Amino acid sequence: MSAGSASSSTPFDDLGIAVASGEPLASHTWLGIGGTAGYFCEPVDLEALARIARRCHEQGIPLRVIGGGSNVLVSSAGYSGMVVRLSAPVFGGITVEKPAITVGAGAKLVHVVSAAVQAGLAGLETLVGIPGTVGGAVVGNAGSRGGDVGARVAAVTVMLADGAVETRQGAALAFQSRWSNLDDVIVIACRFELDEESPEFLTKRMQKQWIVERSEQPSGTRAVAMMFKDPLGTTAESLIEQGGGRDLRVGAASVYGPHANYVVAGAGCSSDDVRGLVELVRATVRDKLGVELTPLIEVW
C-alpha cells in the first residue's frame, strides 16, 4: 500500500482487505499531478478484487482501475470513489502457449512485447514504445503507426460490477481507433493470437520501432501526456502545428514544441492548467481548421 492512510470507518472494513483513504493519485500518473482517491486498494488476488467490486456495486461507489497512468488526468479535487491498482503478481503473469500468449491486466505492455519477441511470436513488436499496462492498453485500444492492440486480441477475461468473471471473445469484443467496448468492466487478463517468426528478425523490428517511438516523444521528463487521438488520414500533431498551437501555454502546462501533440506539466502545474491547455488547443484547431480533435487524456 502506498502513502494513503488506513481508515477505521470505510464501507470496506469488514472485508478483511487493506483499503486506504486519501491516497495521493499524483504518484500513480505520468503527469504527476492531481488530488487524492476517496478509497484505494491493491487487491492480493481475484477473490479480493471481487469482494471490492461487489461492495462498490452495492454501495453505489464508483470504481476505476489505474494502470500505468500515462493518459490519466486527476482533477485537483481528486476522485471520490474507489481506485484499484492491479499490482499483485497474480494480475501480472505472462504465459506463452504458441502461437498465443496469455497475460494479466497488470503486466506492463513493454514486458509482454519483449516476452513475445523472445518466444518468436510476431504481432505485438510495433507496440514496444507504448507505456502502461496491458489492461489499460486493451481498454483504450492503444496503438502506434504499426497497428493497435485490439488487432491481436483473441479473448479478454473481465470482471463485472457484481464480481462475476466471464471471458469475452469474437463478436463480444469491439475495437475502434483508441476505443473498445470494455470500459464498463474490469479487465483481468487477455489472450493474444500471434504468428510464429524468427526471434532475431522480431528483435530487429522491435528495436527499430523503439528508436522511432523515442524520437517522437518528449525526453528528459516523465510529466508528459499525449493530448489527442489522431483523426483518420492525418495526425493530431500536424493539425496542431497547422492551427498555430505549437506555442500555446496555460499556467505551467505547455505544448511540447518538437512534438506538438504532447502536453508537458511544468513545476507547479495543476490539473486545471492541463485541462485548460487541452481545451485551448482543441478550440484553436477547431477555429483555424474546422476540425474537432478528440481528447486522448482521460479526466477523472
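The values are calculated or read from the model by the stated rules, or taken from the named source; none is laboratory data. As the structure is a prediction and not an experimental result, all values here were calculated from the model. Cβ placement follows ideal geometry from the backbone for every residue including glycine, while neighbour counts extend to all protein chains displayed. These accessible areas exclude ligands, DNA and RNA; they are computed on the full protein's heavy atoms, side chains included. Shrake-Rupley method; radii C 1.70, N 1.55, O 1.52, S 1.80 Å.
Counting only residues that are under 22 Å from the mean Cα position of the chain (by Cα) and either polar (S, T, N, Q) or modelled with pLDDT of 95 or more (or both), segment 1-19 holds 1 of them. Scanning segment 264-293 for residues that are at pLDDT 95 or above and β-branched (Val, Ile, Thr) yields Val274, Val278, Val281, Thr284, Val285, Val291.
Would you mind stating whether Arg64 is among the charged types (D, E, K, R), open to solvent by 50 Å² or more (accessible area, probe 1.4 Å), in contact with a Gly (Cβ under 9 Å, 6 or more places away or on another chain) and assigned to a helix (DSSP H, G or I)?
no
Can you work out which of the residues in segment 168-180 that are open to solvent by 50 Å² or more (accessible area, probe 1.4 Å) and in contact (Cβ under 8 Å) with a residue 12 or more places away in the chain is nearest to Val90 (Cα to Cα)? Residue satisfying both the conditions and the ranking: Gln169. Tell me yes or no: at least one residue of segment 123-146 is assigned to a helix (DSSP H, G or I), more than 30 Å from Thr36 (Cβ to Cβ), under 18 Å from the mean Cα position of the chain (by Cα) and at pLDDT 95 or above. No, segment 123-146 has no match at all. The set of residues in segment 280-300 being within 19 Å of Ser75 (Cβ to Cβ) and open to solvent by 30 Å² or more (accessible area, probe 1.4 Å) consists of Leu280, Arg282, Pro295, Leu296, Glu298, Val299.
Residue-wise test of (1) part of a loop (DSSP other than H, G, I, E, B); (2) open to solvent by 40 Å² or more (accessible area, probe 1.4 Å); (3) in contact with an Asp or Glu (Cβ under 8 Å, 6 or more places away or on another chain); (4) farther than 29 Å from Ser27 by Cα.
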position	(1), (2), (3), (4)
Glu166	no, yes, no, yes
Leu182	yes, no, no, no
Cys190	no, no, no, no
Met206	no, no, yes, yes
Gly233	yes, yes, no, yes
Leu239	no, no, no, yes
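When Val90, Val84 are checked against the criterion of being open to solvent by 30 Å² or more (accessible area, probe 1.4 Å), at pLDDT 95 or above and touching a helix residue (DSSP H, G or I) at 6+ places or on another chain (Cβ under 8 Å), Val90 stands alone in meeting it.
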